[in-house]
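Taking it in order: structure first as structure tokens, then the write-up.
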Amino acid sequence: MRWAGQRIDALAPGALPGLARVSNLVQSVRSPEFAGITFHEILAKTALNHVPATAKMLPDEWTINPYRGCTHACVYCYARPTHEHLGLNATSDFDTQIIVKTNVVEVLRAELAKKRVLPPRVALGTSTDPYQRAEGRYRLMPGIIQALGAARIPFSVLTKGTLIRRDIPLLVEADRRAHVEPGLSISFVDAELQQSLEPGTPTTAARLAALAEIRAAGLDCTVFLAPILPLLSDRPWQLERMVRQLAEAGATAVLPSALYLSSTVRPGFFAWLGREHPSLVGDYERIYAGGSEADPRYRRWLDEQLQPLLREHGFPAPDAGVQDKFALRGRRAAPPLAAPPPPTLF
Ligand code: SF4
């Protein structure tokens, strides 16, 4: 029992109708420490997930996601639709119904022992955050890091969770055997905005401290300056302060990206915007009139703000200006921005 010492309410399997699609469910667990959250502990059949090159034009990639759903609960999270594959909803269920692959370390070790050809690289944190709060209890990441390190497989970890600090010694040890690329997502200087959009995450200050600690341990750390929100977190003084703070904390590289709004996430985001910043709804409808990406004119404007700042603080220039959502995960560079029409919006 992973919750020893606490009051535990174990629910019957199938307590949530959508969980009929979750196979190998062992039990559903609630704890007073995590009000409103239910953890569905499963025995995973696989740990390594192969994302073929054809999927959404992404290159071939191996991933591990010990959790599905994320208590960080970012309003804009583009992983939300993955919960619909489980028969759960992409809004409240994604934030509160967390699937935990309790045996992921054992399964990973067995998979690595069996493979004649090992994955060239593994990405952690591509679908949900591996250092969300649940990791403090389930402690799945140490075993994953050790297994990958023992197999000399390079890997990346992307997180907003400061719990990564706990595992810095393990990451350093793994980095001696194969390159480890920690990455942090940090993008808001406005604390109120950050807590409103990312209610389950550590503060920007706490993430900057984690960044400094990772760098002090001798590891690289790229910061994903994402998402940048039009008219809310993209003011020149905000960008200047954010880039300066990242430089002071020692970030190895900075990859900026404007807000990406998939069709599934869009209604929830606009509901938040209408509640918190109703005067901006019309602006966002114009900026995102073309779909999930911000208007190319906006992205060009943002790029023009950021490039001098990044240069000034000694950061390598991103390959192709402001990165798109794929580059956010380090998968490929953004396509060249379209030639700018007259700047009527900005
Ligand atoms: S931390 Fe990442 S995975 Fe978790 S809700 Fe936020 S954007 Fe989604």
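The table for this structure:
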{"item": "Among residues of region 144-171, those that are in a helix (DSSP H, G or I), over 19 Å from ARG121 (Cβ atoms) and not hydrophobic (A, V, I, L, M, F, W, C), counted", "result": "4"}
{"item": "Count of region 75-109 residues which are within 11 Å of the ligand (Cβ to nearest atom), surrounded by 22 or more Cβ atoms within 10 Å (Cβ to Cβ) and modelled with pLDDT of 95 or more", "result": "4"}
{"item": "Any hit, region 104-116, residues being touching a residue at least 12 places away in the same chain (Cβ under 8 Å) and touching a Phe, Trp or Tyr at 6+ places or on another chain (Cβ under 8 Å)", "result": "no"}
{"item": "Checklist (1) open to solvent by 10 Å² or more (accessible area, probe 1.4 Å); (2) more than 25 Å from ILE214 (Cα to Cα); (3) in contact (Cβ under 8 Å) with a residue 12 or more places away in the chain; (4) within 16 Å of the ligand (Cβ to nearest atom) applied to THR162, failing item", "result": "(2)"}
{"item": "Residue among LEU124, LEU140, LEU171 that alone is aliphatic (A, V, I, L, M), over 26 Å from LEU225 (Cα atoms), open to solvent by less than 20 Å² (accessible area, probe 1.4 Å) and in contact with a strand residue (DSSP E or B) (Cβ under 8 Å, 6 or more places away or on another chain)", "result": "LEU140"}
{"item": "Selection within region 110-131 - part of a loop (DSSP other than H, G, I, E, B) and within 16 Å of the ligand (Cβ to nearest atom)", "result": "GLY125, THR126, SER127, THR128, ASP129, PRO130, TYR131"}
{"item": "Within region 22-102, strands (runs of 3 or more DSSP E) holding 2 or more residues that are more than 30 Å from GLU293 (Cα to Cα)", "result": "25-30, 38-42, 97-101"}
{"item": "For ALA247: the one exception among (1) of a type in the set (A, V, I, L, M); (2) over 20 Å from the mean Cα position of the chain (by Cα); (3) modelled with pLDDT under 95", "result": "(3)"}
{"item": "Odd one out for ALA333, checked against (1) within 24 Å of the chain's Cα centre (by Cα); (2) modelled with pLDDT of 95 or more; (3) open to solvent by 30 Å² or more (accessible area, probe 1.4 Å)", "result": "(2)"}
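Yes/no per residue for (1) under 29 Å from PRO169 (Cβ atoms); (2) assigned to a loop (DSSP other than H, G, I, E, B):
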{"site": "PRO202", "(1), (2)": "yes, yes"}
{"site": "ARG241", "(1), (2)": "no, no"}
{"site": "TYR260", "(1), (2)": "no, yes"}
{"site": "ALA271", "(1), (2)": "no, no"}
{"site": "TYR284", "(1), (2)": "no, no"}
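Here's the yes/no breakdown for (1) within 16 Å of the ligand (Cβ to nearest atom); (2) not hydrophobic (A, V, I, L, M, F, W, C):
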| position | (1), (2) |
| --- | --- |
| GLN146 | no, yes |
| GLY149 | no, yes |
| ASP175 | no, yes |
| GLU198 | yes, yes |
| THR204 | yes, yes |
| ILE214 | no, no |
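The values are calculated or read from the model by the stated rules, or taken from the named source; none is laboratory data. Keep in mind that what you see is a predicted model, and the values were worked out from it rather than measured. Here the Cβ is made from the backbone with ideal geometry for all residues, glycine too, and neighbour counts use every protein chain on show. In case anyone asks, the SASA skips ligands and DNA or RNA and just uses the protein heavy atoms, side chains included. Shrake-Rupley method; radii C 1.70, N 1.55, O 1.52, S 1.80 Å.
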